[in-house]
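All of the numbers you see were taken from the coordinates with simple rules; none came from a lab. Just so you know, these numbers come straight off a predicted model, no measurement behind them. Because the Cβ atoms are built from the backbone with ideal geometry, glycine has one as well, and the counts that use them run over all protein chains shown.
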Amino acid sequence: MKKVLLVDDDVDFCEATGLLLESKGYEVVLAYDGKEGLEKVRTEKPDLVILDVMMPEMNGYDVCVVLKADPKLKKIPVILLTGVGQDMFRTHYTQHMGLMTEADDYIAKPVETQELVERVEDWLGGNS
Amino acid sequence: MLIKPSTNVLVVENDITIMQRCRELLLQEGHGVRMAESVEEALDIIQKQPGDVDIILLSLELPGWGGMSLINIIQKSRHEVLIVTMSTNCGEEAIEAIHAGAYDCIRKSFTKDRFWIKMNRAIDAFRLNRQVRILRRQRQATLREPCREENLLAIFNSFADALVITDWKTDIVLFNENAASLFGLTEKKSIGHPVSEWIESDELLSFIMRAIESDSSLAPLMAGEEPVVKVQEKVLRVHVDPVKNGTGSVIGAVSLFHDVTKVSAMDKLRADFLSMVSHELKAPLSALLMQVSVIHDGLAGDLTAKQTSLLGKAKEKTKGMITLVNDILDYRRIEEGKSIQKIESLDLTEILPRTVELMLLSAEEKGVNIEFEIEEDIPMFSGDSGGMQALFVNLISNAIKYTPNGGNVRVTLNKAGKDIEIKVADTGIGIPPEDIDRVFERFYRIKTEQTRRVTGSGLGLSIVKGILDAHNGSVRVESEVGKGTTFIVSLPVS
């Protein structure tokens, strides 16, 4: 079973999204801030990290930069959850930031369940 | 010998002897005399010929406090008449009369000298009062006469707003006191000097130029926007109008600077508040949407058809609220777009391809082909890198949005005289001529059958306009319905 680490400071969002991913057959590990997220990447060794951008203290970009600078961890794909809508200006900004932080993918919030599942499947090659 | 102008005296007295004595004395000195034996008779004379009575010589010993009531009537009716009372003792009743408005009291046992001492003083007082009244009227009259230069200047200086008037060369010709203290203008140093030496604002200067060159068709164009000038700690909104002479030709411009410091502080507060609220709303709304979606998808247990339908609607409502919150944030962002964060030397030939690259994916999804062409030797441009990127992103994403599957978007970067010119041309649905002037307005979206399915907040092009304003650039649109649209941006080099 593939393991997904979801890092988001909103407990309710984590719970619901966790449910969604579990229903698709993934093992889900939750972390509620950037630091906890980094720790769990090291201890849990997930197959994929979904990282919220807007978090207090250590935001998603910072976490991503640290992950991608670590030769042991850089291969784990990271999807950024950008807390922005469809506006091109902002999407562009997050894309830009994402490229700079070497994130592998990004999904704009509010997240469509279908889109999330598809992207996760893209990276993990289906549930197994 | 100096001939004193005579006064008209009305003697109100029921004692015939005293009345006659007064009459004789007054006539001897050439004054006009009228006589009344009662208050009623006196009022009758005053009302019929108000100009014929200057001074009333009034007995306080008329039957039934008649004298006092006459004083009160005269005071109330604001007749410009001076009242001198007469009584046997000039006691309490005389003091009361003076309180009520009478000028003085003469004892009825007067000698000729005593009578004239008091009467002459009363006549002087009357003349003085009349003089004051005349002067006061004259002063009011001159105020109403606006062609007096002094008055105009006084009115001009009484404006709480600062006013600066410039001639057709944009040299300062006149300013008021508020403008002087605000901009440090002095008669000697500023008059005849270009306004730009004193008020540093290219935006203001361009408005003044436009006012000078104005024909009436430009007026509605200028009505909506007013330049903002910052001086010391103050934020001033400027209204510029052309000054026309008698024959209607423009001879200069008047700029009115209105202090909006408080208003703009409030604006910022409101914007910060909006921004804070919408950020705070977004996280829970995202969570809510996910929760509803998960239940809706049946991941938290099986649902009845009714439950599915209701939750489906709840999901759409939640999405609607998220869109609204996003629009509020966009609104804030336009204001931010107007302010340049950082000016640096930019290589647009490097920024443009990078931006186009970012748009390739969405173009591909839409089935729209993007191509770009960059001329050689494009000079460096001083501007805000984030702003420039946002500019390209907005224009190109718009072109993709409004171009149907199989269409083409062509981006070119070239030099045009002293400017750098960026063209974004699409083979899209085009803009109807009646909408073309409005596409830069906030929240303006063209509503046709073809645009209904295109999402957006209607803010993209106003962000473009904001960024270009901040960089002294300009944009124009050429479009033909069904054929396509071209946005042409000019950015000044240096």
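For the stretch B:45-73, backbone nitrogen atoms closer than 14 Å to the point 7 Å from B:GLU96 Cα along Cα-to-C-beta are found at B:60-72.
At a temperature of 25 °C and a viscosity of 0.890 mPa s, determine how fast the stretch B:1-159 diffuses translationally according to Stokes-Einstein, using the Kirkwood radius over alpha-carbon pairs as Rh; express D in µm²/s, rounded to the nearest whole number.
143
Restricting the stretch A:1-75 to chymotrypsin sites (Phe, Trp or Tyr not before Pro) that sit in a DSSP loop and have at most 11 other Cβ atoms within 10 Å of their own Cβ leaves nothing. Going by Cα centres, the stretch A:10-46 and the stretch B:1-48 are how many Å apart? Their Cα centres are 111 Å away from one another. Loop by DSSP (not H, G, I, E, B), at most 15 other beta-carbon atoms within 10 Å: where is the longest site-free stretch of chain B for trypsin sites (Lys or Arg not before Pro)? Result for the longest clean stretch: B:170-341.
Among B:ALA36, B:GLN49, B:PHE126, whose Cα lies farthest out toward the positive end of the dipole of the stretch B:8-144, if unit charges sit on the beta carbon of Lys, Arg (+1) and Asp, Glu (-1)? Comparing the listed Cα positions along the dipole, B:PHE126 ranks first.
With a Förster radius of 30 Å applied to the C-beta separation of B:HIS193 and B:ALA265, the computed FRET efficiency comes to 0.40.
Modelled label positions at B:HIS258 and B:GLU421, each set 7 Å beyond Cα in the direction of Cβ, lie 3.9 nm from each other. In chain B, the calculated helix contribution to ellipticity at 222 nm averages -15500 deg cm²/dmol per residue, counting -39,500 (n - 2.57) for every DSSP H run with n ≥ 4. Computed over the alpha-carbon atoms, the stretch B:344-492 gives an Rg to Rh ratio of 0.94, Rh here being the Kirkwood radius from the mean inverse distance.
Within the same chain, lysines fewer than 8 places from B:LYS188 are excluded, and of the rest, those with a Cα less than 27 Å from its Cα are B:LYS169, B:LYS230, B:LYS234, B:LYS244. Relative to the current alpha-carbon distance between B:ILE436 and B:ASP52, full extension at 0.36 nm per residue lengthens the span by 130.7 nm.
Counting only Cβ charges, +1 for Lys and Arg and -1 for Asp and Glu, the dipole size of the stretch B:349-404 around its Cα centre is about 380 debye.
At the listed q of 0.09, 0.12 Å⁻¹, the Debye profile of chain B, built from one uniform point per Cα, gives log10 I(q)/I(0) equal to -0.80, -1.14. May I ask you to derive the FRET efficiency for B:THR186 and B:PHE273 from their Cβ-Cβ distance with R0 = 41 Å, giving the value to the nearest 0.05? After rounding to 0.05, the efficiency reads 0.45. Evaluate E = 1/(1 + (r/R0)^6) for B:ASP15 and B:GLU150, where r is the Cβ-Cβ distance and R0 equals 45 Å; express this FRET efficiency to the nearest 0.05. Efficiency, from the Cβ-Cβ distance: 0.20.
Net length available on complete extension from B:SER77 to B:ALA300 is 71.2 nm, with 0.36 nm assigned per residue and the Cα-Cα distance removed.
Over the protein assembly as shown, the ratio between the Cα radius of gyration and 2.2 N^0.38 Å evaluates to 1.69.
With an 8 Å cut-off on Cα pairs and a minimum separation of 6 or more residues, tell me the relative contact order of chain B in percent. After rounding, I find 7 percent.
Spin-label pair B:TRP116-B:LYS234: with each label point 7 Å from Cα along the Cα-Cβ axis, the two points sit 6.4 nm from one another. In this rough spin-label picture, where each label sits 7 Å from Cα along the Cβ direction, the B:ARG137-B:SER6 distance is 2.2 nm.
Counting DSSP beta bridges with both partners in chain B, what percentage is antiparallel, nearest 5? In chain B, DSSP labels about 65 percent of beta bridges as antiparallel. Exposure here means at most 15 other Cβ atoms within 10 Å; with GluC sites (Glu not before Pro) in a DSSP loop as sites, the longest stretch of chain B lacking them is B:234-374. Size check on the stretch B:151-259: the Cα extents along the three principal axes, sorted descending, read 35, 29, 24 Å. By DSSP, the beta bridges lying fully in the stretch B:344-492 are antiparallel in about 80 percent of cases. Each of A:CYS14, B:CYS90 was scored by other Cβ atoms within 10 Å of its Cβ. Arranged with the fewest first, they read B:CYS90, A:CYS14.
The slack between B:LEU27 and B:GLU316, meaning 0.36 nm per residue of separation minus the straight C-alpha distance, is 93.7 nm.
Treating only the Cβ atoms of Lys and Arg (+1) and Asp and Glu (-1) as charged, compute the dipole magnitude of chain B about its Cα centre; round to the nearest 20 debye.
Details: 58 positive and 70 negative charges, 282 e Å.
Roughly 1360 debye, rounded to the nearest 20.
Figure legend: label point modelled 7 angstrom from the Cα of B:SER345 along Cα→Cβ; residues of the stretch B:407-424 with amide N under 18 Å from it are B:420.
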